[in-house]
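Report on the following structure.
Computed from the coordinates by the stated procedures, all read-outs in this text should not be read as laboratory data. Everything quoted here is computed from the prediction, not taken from an experiment. All Cβ positions, glycine included, derive from the backbone under ideal geometry; neighbour counts span all protein chains shown.
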Amino acid sequence: MTKRLIRHGLPLVAMFLSPLGAREIQWYCDSSSVNLTSDGSAMDAGFQFELGVFDNSFSPTMLNMEDWAANWRPAQRVDYNPASQFFDSEHTVSDNDPPFIWGQDAYIWGWRINGNQTEWILFRDTTWNWPEADPFNFTPLDWNAKDATPVIGWIDADGSPFLMKSDAVSGAASPATSWEQWRGKELAGEPLDGPNDDPDKDGTPNLLEFVFATDPLAPGAPVDTPVEVVTVGDDRFAQITIPRRVEHPAVLTVEVSSDLTVWNSGPAHTLTVSEVADEWIVRDLTPLSPSAPARFMRLKAMLP
């Protein structure tokens, strides 16, 4: 709050100017609570929570989970604290520009991606409606997870035997995480934080760790991207399966070659067979034959 005194030959007038968007949303879960994953293990530092709304009057249900991420509009993100067993943040509502329209249903979405294993919890209370960006309303909104009803996952208001429990999910995208967001979380304080760096020296550069949602600071075996031979009609083709994460956006290209020297890509050379949130399958369009007895495939990744 700013206090300004005006002098124009008149008595001093005190004017109190409040910043635009003074309305605050306090969103959190109680600290020292038991919060679990679907297999009963404790939520860890890989969990993130976002406050937001769904666009275009979209209503999330268990039947349309594949469309959640495409319609999700986050206002704020916070990391889960496994030591204190909670998340906690405060969001200032600065405007009511779409999709954050006054009265819009608000949700909290928590998730963790660990390779191809994904956990979700999404919840809201019927009173969680996006507030008016009123610069003169200083009453904070108190949105506690224990008061909410989950769309996916479980919440026990009394905190016993747990407060929150996430559910396992497959074939659907989580909220999008940019390279910069991922690097700031996973490579915080690490000097070798460029896309081509490999701080854990396991042969997988940071950009591919991002694409595969693996730990860039924990050495591991290369992610398996199997190439198999499939039969289509009378021909046989090489085909590669890539366990990527679509919510970690990068420019991915599959290239093919017959000699490991000349590489080609694009619709004249490859065909996407299947593309879901956690897997991309691409087929070589040059059939194996006596004149082309060997075919090779590789993945190329670049930042958007």
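In table form, for the structure just shown:
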{"read-out": "Prolate/oblate/rounded call for segment 88-241, Cα gyration tensor, a/c under 1.5 rounded", "value": "prolate"}
{"read-out": "Contour excess over end-to-end distance, with Cα ends at Glu275 and Asn56 and 0.36 nm allotted per residue", "value": "76.4 nm"}
{"read-out": "Debye, to nearest 20: dipole size of the chain, +1 on Lys, Arg Cβ, -1 on Asp, Glu Cβ", "value": "740 debye"}
{"read-out": "Ranked by how many other beta carbons lie within 10 Å on average, peptides 104-112, 284-292 from highest", "value": "104-112, 284-292"}
{"read-out": "For the chain, with +1 on Lys and Arg beta carbons and -1 on Asp and Glu, the positive-most of Asn129, Val169, Val256 along the dipole", "value": "Asn129"}
{"read-out": "Length added when fully stretched, Val232-Leu217, from 0.36 nm per residue minus Cα-Cα", "value": "1.3 nm"}
{"read-out": "Normalised contact order of the chain, rounded percent, pairs of Cα under 8 Å and 6 or more residues apart", "value": "15 percent"}
{"read-out": "Size of electric dipole in segment 227-302: Cβ of Lys, Arg +1 and of Asp, Glu -1, about Cα centre, debye, nearest 20", "value": "180 debye"}
{"read-out": "14 Å cut-off, amide nitrogen to a point 7 angstrom out along Ser89 Cα→Cβ, residues in segment 102-129", "value": "107-112"}
{"read-out": "Rough spin-label spacing in nm, given labels placed 7 Å along Cα→Cβ, for Leu285 and Ser38", "value": "3.7 nm"}
{"read-out": "Within the chain, helix-based [θ] at 222 nm, where runs of 4 or more DSSP H residues each add -39,500 (n - 2.57), nearest 500", "value": "-1500 deg cm²/dmol"}
{"read-out": "Neighbour-limited loop hits for chymotrypsin sites (Phe, Trp or Tyr not before Pro), segment 112-149 (at most 10 other Cβ within 10 Å; DSSP other than H, G, I, E, B)", "value": "Phe136"}
{"read-out": "Which labelled figure in (i) 0.97; (ii) 1.03; (iii) 1.28 is Cα Rg over 2.2 N^0.38 Å, once derived from the coordinates", "value": "(iii)"}
